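A quick write-up on the structure given underneath.
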Amino acid sequence: MFLGLGWVSNVSKCTFIIILIIFTAVISHGAEVAITIDDFNLSNSIGMEPLKRNSEILSVLKKNQIKAIGFVTTKYLNDPKALNAVKAWSSAGHIVGNHTENHWKYNDKTLHEFSADILVADKKLQQFPTFQKIFRFPYLKEGDSVEKRDGMRDFLKDNDYTNGHVSIDASDWYVNMRLIEKIKKGDKVDYEKYRDFYLKHMWDRSDYYSKLAQKTLGKDIKHTVLLHHNLTTALFLDDLIKMYKQKGWKVIYAEEAFKDGVYKRTPKNIPAGESILWAIAKEKGDSSLRYPAEDSIYEKDEMDRLGL
Ligand SMILES: [Zn+2]
């Protein structure tokens, strides 16, 4: 009898320990991420009508009860389709942020030219009820000299803007570009293969930046993942959110993510920019970083090999 009870108690202890291990694993690996979508160029109708693309993205966000942020490049608003898309985006309660009028690379422009371009966009974005003064640099390039870097930081501050940093940078745009090329060629498209590659790539980069946060800051952060208003987002966003959840990650509101103190950091690198985590790690002298942090060159060979 006594032995029997001892056996039960050991089983209970084991069960408790196993539950504790699983619980700890979920807690420690369960990062948080917000969806951020850039550009809003609705001129490309290959693969899906642009407004259908927009409604697909919005319905996935609604289904998953997520509020995202869209960084709009305002030259695209000359196209009524893009204007309607951003209106729908704002009506659905998603934040609208500033991504300049012309989508210039800051490194190619002067501080004066670039800041004027931000103000043109600012004026055009005022019409959207959910517009907030959050700014994202095109190509995540934040200046190639101390004067330009700090000049822009002062400019944003003086105009009540915050930097809409990316923490998880990726090359969804490249996967999208390859898919569009394939459709254009008239070849038979195996969408499942593109989806699998896309999800693998997005997880690879998400996991990398989550680990970079832990290595650099000693803890994980509330992430912001960079996507674009394109075909791959319309086709695979639901699968991407599912994947994050399966990995134990929580998908959170963009507004919530930007409250993380990491987005207020101002790393002093030249050239400035890339993912905020990359930039902080760079400033700390991490020698394992590649530059640019993300680009098509890193994905090309594998996509060639897979015939994508
Ligand atoms: Zn962009």
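From the backbone phi of the stretch 73-80, what are the Karplus-calculated ³J(HN,Hα) couplings (6.51 cos²θ - 1.76 cosθ + 1.60, θ = phi - 60°) in whole Hz, Gly and Pro given as x?
Computed from phi, the couplings for the stretch 73-80 are 8, 6, 4, 5, 5, 4, 8, x Hz.
Could you go through the stretch 84-99 in sequence order and give the Karplus-derived ³J(HN,Hα) for each residue, using 6.51 cos²θ - 1.76 cosθ + 1.60 with θ = phi - 60°, rounded to whole Hz, and x for Gly and Pro?
Result, ordered by residue: 5, 5, 5, 4, 5, 4, 5, 4, 7, x, 7, 5, 10, x, 9, 10 Hz.
Lys and Arg at +1, Asp and Glu at -1: add these up for the other residues within a Cβ distance under 14 Å of Tyr106 and post the number.
-2
Per 10 Å bin from zero, what fraction in whole % of the C-alpha pairs of the stretch 152-308 is there, up to the bin with the longest pair?
9, 36, 33, 17, 4, 0
Does the stretch 232-308 classify as rounded, prolate or oblate by the C-alpha gyration tensor (a ≥ b ≥ c root eigenvalues; a/c under 1.5 gives rounded; else a/b over b/c gives prolate, otherwise oblate)?
Since a/c reaches 1.5 but b/c is at least a/b, the shape of the stretch 232-308 is classed as oblate.
With the cut-off at 1.5 for a/c, could you classify the stretch 154-207 from its C-alpha gyration tensor as rounded, prolate or oblate?
Oblate is the answer for the stretch 154-207, as a/c is 1.5 or above yet b/c matches or exceeds a/b.
Name the shape class, rounded, prolate or oblate, that the alpha-carbon gyration tensor gives for the stretch 32-305, where a ≥ b ≥ c are the square roots of its eigenvalues, rounded holds for a/c under 1.5, and otherwise prolate holds if a/b is larger than b/c and oblate otherwise.
Since a/c stays below 1.5, the shape of the stretch 32-305 is classed as rounded.
Taking H as built 1.01 Å from N, whose amide H comes closer than 5 Å to the amide H of Leu226, not counting residues under 5 places away?
HN-HN under 5 Å from Leu226: Ile168, Ala170.
List the pairs from Lys193/Lys268; Lys62/Lys148; Lys52/Lys250; Lys124/Lys184; Lys123/Lys211; Lys87/Lys242 whose alpha-carbon separation is above 30 Å, in the order I gave them.
Over 30 Å apart, Cα to Cα: Lys193/Lys268; Lys62/Lys148; Lys124/Lys184; Lys123/Lys211.
Multiply the residue separation of Ser91 and Gln214 by 0.36 nm, subtract the distance between their alpha-carbon atoms, and state the gained length in nm to one decimal.
40.6 nm
Throughout, read-outs are computed from the coordinates displayed, never taken from laboratory work. For clarity, every value in this text was computed on a predicted model and none was experimentally measured. Positions of Cβ are backbone-derived with ideal geometry, glycine not excepted, and every protein chain shown enters the neighbour counts.
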